[in-house]
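The values are calculated or read from the model by the stated rules, or taken from the named source; none is laboratory data. These numbers come from a predicted model, not from an experiment. Methodologically, a virtual Cβ is constructed for each residue, glycine included, from the backbone with ideal geometry; neighbour enumeration extends over all protein chains shown. Protein only, heavy atoms only, side chains kept; ligands, DNA and RNA dropped before computing areas. Shrake-Rupley method; radii C 1.70, N 1.55, O 1.52, S 1.80 Å.
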Amino acid sequence: MIEAANVSEQMNIVIVGHVDHGKSTVVGRLLADTGSLPQGKLDAVRAECVRTGKVFEYAFLLDALSDEQDQGITIDTARCFFKTARRDYIIIDAPGHIEFLKNMISGAARAEAAVLVIDAKEGVRENSRRHGYILGMLGIKQVVVVVNKMDLAKYGQAHFDAIEKEYRAFLAAIGTVVPKQFIPIAALHGANLTNRIPEMAWYTGPTLLECLDDFAKAPSKSAAALRMPLQAVYKFTGDGDDRRIFSGRIESGTVSVGDKVVFSPSNKTVTVRSIEGFNSTPRTTIAAGWSTGFTLSEEIYVTRGEIISHVERAPLVSTRFRVNLIWLSKKPFVTGRDYKIKLHTQAMAVRIHRINKVIDASELDVELTKDHVGRHDVADLVLETRSPVAFDLISESEATGRFVIVDGYDVAGGGIITGTEVDDQDDLRAEARLRDFNWVHGGVTTADRAQANGHRAGLVMFVGKHGVGKRRYARELEKSLFSARRQAYMLDGTNVLLGLDHDLSVDAARQELVRRFGEVVNLLATAGLIVVSTTNAIGLADASSVQTLIGDVPSVVVEIDPSGTSTSNCDLRFTGAEPESHVVTQISELLAQRGIVPHF
Ligand code: GDP
């Protein structure tokens with residue numbers, strides 16, 4: 001389960017730029033000039049060009065290398081690999097911006113530095129700008145800009161200076177990227193990549209290779225706050241061994257056996273019991289860069305997409321967050337529609353909550369007032385997910401602050417989280433988190449209780465107007481569950497009003513009624529019960545507040561609407577005229593589907 005982290009110094013770089021500005025030539029030349037090509041390869045491709053009457057291109061060389069790679073002939077001479085005395089460089093393949101965004105955000109290949117290529121003759125083009133924007137958005141701070149094909153500009157310094165000035169001004173407007181160096185090069189002739197040429201004696205700065213070697217390796221993330229997005233929960237398969245392993249990659253921080261950790265957004269706090277290794281000696285501490293698995297002091301119900309952290313430095317949790325996004329799909333990103341967001345290991349429905357501004361990524365100064373985000377636009381938006389997600393601001397943690405948006409099966413855009421945004425559950429969520437982080441546990445765990453009871457805790461919430469039959473159904477459901485040996489309890493809102501809410505005036509703040517009710521449900525659910533609630537005071541509109549207070553205890557909301565006209569969002573709806581047995585059966589089936597009670 002544990003994969004070795006890299007020990008020797010390597011640096012992932014990406015080479016971007018407008019098509020035909022010379023990316024392949026720069027890569028090919030770097031491989032050739034650092035002696036990183038398989039022996040005879042360059043000559044063979046040159047000879048093939050002579051034979052077929054084609055002008056040699058470094059792009060052919062790269063194609064030839066990648067063909068061999070596909071066939072598995074060349075082993076490690078990846079087209080994307082060259083060495084200097086300082087370190088090994090891995091060139092991340094980024095055929096288009098979608099692939100680049102996808103790789104960067106999924107973590108498949110995260111660039112630490114970038115080389116942006118601009119054609120001296122063509123000058124700054126749309127993609128030069130878009131790529132500059134994307135680099136900034138992805139937080140790639142170590143950028144070198146090479147102005148290529150200087151031979152076509154007669155190696156003129158004034159020409160180079162003009163491009164540098166124009167492009168620096170553009171990047172300054174974005175404000176996130178300040179290139180370390182602009183270098184005039186002629187990749188085709190190998191000028192200023194590794195060697196200097198007399199025609200550009202006026203350039204006294206570093207060559208491309210010197211500049212790359214001078215980039216700093218990103219500091220180890222081990223000292224940062226612990227972030228391990230949960231990938232999967234596995235069961236041991238040994239005889240009588242029912243422990244579960246919570247696995248994922250540690251994106252930042254360090255964790256040790258005995259540490260108290262919290263899962264967000266569920267707020268489950270547990271202690272790390274062991275760090276599991278596959279065929280390796282057990283360890284007591286593990287840090288950023290490793291994929292690993294833990295067993296915990298308590299069996300908890302959590303799923304992929306939660307973030308494991310220490311309690312003191314937990315990630316943010318909300319349904320709303322402010323983002324910077326670039327849209328790449330032909331179909332625009334529109335309001336009022338669901339898309340899928342992939343954020344660390346989480347995938348869930350998302351939509352635009354608010355558009356702050358939309359800008360054309362290649363013309364930063366033009367601000368467009370739009371109600372959608374079109375292809376190649378960049379936007380400042382507030383996004384909203386269906387249920388709360390755990391995340392970080394990009395300034396705090398890269399891996400948990402980046403996301404992509406998927407439309408159908410395709411990545412359509414991506415971005416970074418730049419800010420928090422208050423949603424209507426914020427206060428209650430903060431209350432629930434503080435409460436759960438400091439919860440004093442009894443001697444019997446949730447898992448023990450579920451095992452003994454034969455079911456999980458849950459909530460069935462009857463809502464509807466006064467006198468529509470909620471209580472009648474709730475009673476029957478409680479009785480039916482009880483006779484099936486479920487630990488069920490009918491919580492009538494009246495009883496909470498009579499007692500706990502006795503001090504509140506009749507027209508007390510509704511929020512406070514909801515809050516107290518939710519906390520009572522939470523206590524009963526913690527005791528392992530299936531709570532069957534019925535109340536007039538608390539309606540469908542409050543269901544999400546109650547859910548926030550009970551965290552990941554699953555709930556079923558049942559509306560009784562005699563008019564038959566309600567279109568609000570609930571799990572089941574009846575008119576009140578249905579026989580009790582029918583209602584009870586339908587709800588019981590849903591409880592089984594939701595995994596609260598086992599299937600029969
Ligand atoms: P890419 O699309 O960015 O990968 O661009 P390529 O590397 O394929 O280069 C596009 C064209 O520009 C090719 O025909 C190259 O031979 C040519 N080219 C690349 N570098 C130079 C250079 O320094 N000088 C000149 N004159 N042509 C170049």
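For the pair Lys235 and Leu523, the difference between a 0.36 nm per residue extended length and the Cα-Cα distance amounts to 100.8 nm. Note on region 128-261: with charges restricted to the Cβ of Lys and Arg (+1) and Asp and Glu (-1), its dipole about the Cα centre is near 360 debye. Per-residue SASA remark: Arg283, around 80 Å² accessible (1.4 Å probe; ligands, DNA and RNA not included).
Close amide H partners of Asn148, meaning residues 5 or more places away or on another chain with modelled amide H under 5 Å apart, are Ile118, Asp119, Ala120, Ile185. The simple spin-label model puts a point 7 Å past each Cα toward its Cβ; for Gln586 and Gln10 those points are separated by 5.7 nm. Compared with the dominant Cα axis of the chain, that is its longest principal axis, helix 97-106 is turned about 50°. In region 126-269, the inverse of the mean reciprocal separation of distinct Cα atoms equals 19.5 Å; this is its Kirkwood hydrodynamic radius.
Of the trypsin sites (Lys or Arg not before Pro) found in region 455-488, the ones in coil according to DSSP and having at most 15 other Cβ atoms within 10 Å of their Cβ are Lys465, Arg485. Helical runs (DSSP H, four residues minimum) scored at -39500 (n - 2.57) apiece and divided by the length of the chain put the mean residue ellipticity at 222 nm at -8500 deg cm²/dmol.
All C-alpha to C-alpha distances of the chain, sorted into 20 Å bins beginning at zero, yield P(r) values of 17, 41, 28, 12, 2 percent in whole numbers. Taking the Cα centre of region 286-355 as origin and assigning +1 to Lys and Arg Cβ atoms and -1 to Asp and Glu Cβ atoms, the resulting dipole is close to 760 debye. Seen against the Cα atoms of the chain and their longest principal axis, helix 470-483 is set at about 90 degrees.
In the complete set of protein chains, residue-level accessible area for Asp410 is approximately 100 Å², probe 1.4 angstrom.
Rounded to the nearest 0.05, the FRET efficiency derived from the C-beta distance between Arg46 and Asp436 at R0 = 45 Å is 0.10. Computed over region 387-474, the range of Cα coordinates on each principal axis works out to 50, 41, 30 Å, biggest value leading. The length gained on full extension between Thr84 and Arg354, counted as 0.36 nm times the residue separation minus their Cα-Cα distance, comes to 92.4 nm.
If you look at the Cα atoms of region 226-300, you get an Rg and a Dmax of 11.7, 35 Å. Overall size of region 344-502 from C-alpha positions, given as principal axis extents largest first: 68, 42, 38 Å. For region 142-242, the list of chymotrypsin sites (Phe, Trp or Tyr not before Pro) that fall in a loop by DSSP and count at most 14 other C-beta atoms within 10 angstrom reads Trp202, Phe236.
Counting only Cβ charges, +1 for Lys and Arg and -1 for Asp and Glu, the dipole size of region 446-600 around its Cα centre is about 320 debye. Computed over Cα pairs, the Kirkwood radius of region 432-522 leads via Stokes-Einstein (1.002 mPa s, 20 °C) to a diffusion coefficient of 137 µm² per second.
The long axis of helix 426-437 is offset from the longest Cα principal axis of the chain by roughly 80 degrees. When a 1.4 Å probe is rolled over the protein heavy atoms, the share of accessible surface on the chain that falls to carbon and sulfur comes to 51 percent.
The share of alpha-carbon pairs in region 501-540 lying farther apart than 11 Å comes to 67%. Computed over protein heavy atoms with a 1.4 Å probe, the accessible surface of region 485-561 works out to 42 Å² per residue.
The stretch between Arg283 and Thr303 holds 4.7 nm of extra length on full extension. This uses 0.36 nm per residue minus the Cα-Cα distance.
Over all directions, what mean area does the Cα convex hull of region 332-396 project, stated in square nanometres?
Seen from a random direction, the Cα hull of region 332-396 projects 5.1 nm² on average.
Summarising the amide proton neighbourhood of Ala390: residues at separation of 5 or more, or on other chains, whose placed amide H is nearer than 5 Å comprise an empty set. Taking a straight Cα-Cα cut-off under 24 Å and skipping sequence neighbours fewer than 8 places away in the same chain, the lysines within cross-link reach of Lys465 are Lys479. A P(r) calculated from all alpha carbon pairs of region 478-586, with 5 Å bins opening at zero, reads 2, 10, 20, 22, 20, 16, 7, 2 percent. Taking the alpha-carbon distance from Lys330 and a cut-off under 30 Å, which lysines remain once sequence neighbours fewer than 8 residues away in the same chain are dropped? Once the sequence-local lysines are set aside, what remains near Lys330 is Lys23, Lys102, Lys121, Lys141, Lys340, Lys342, Lys357, Lys370.
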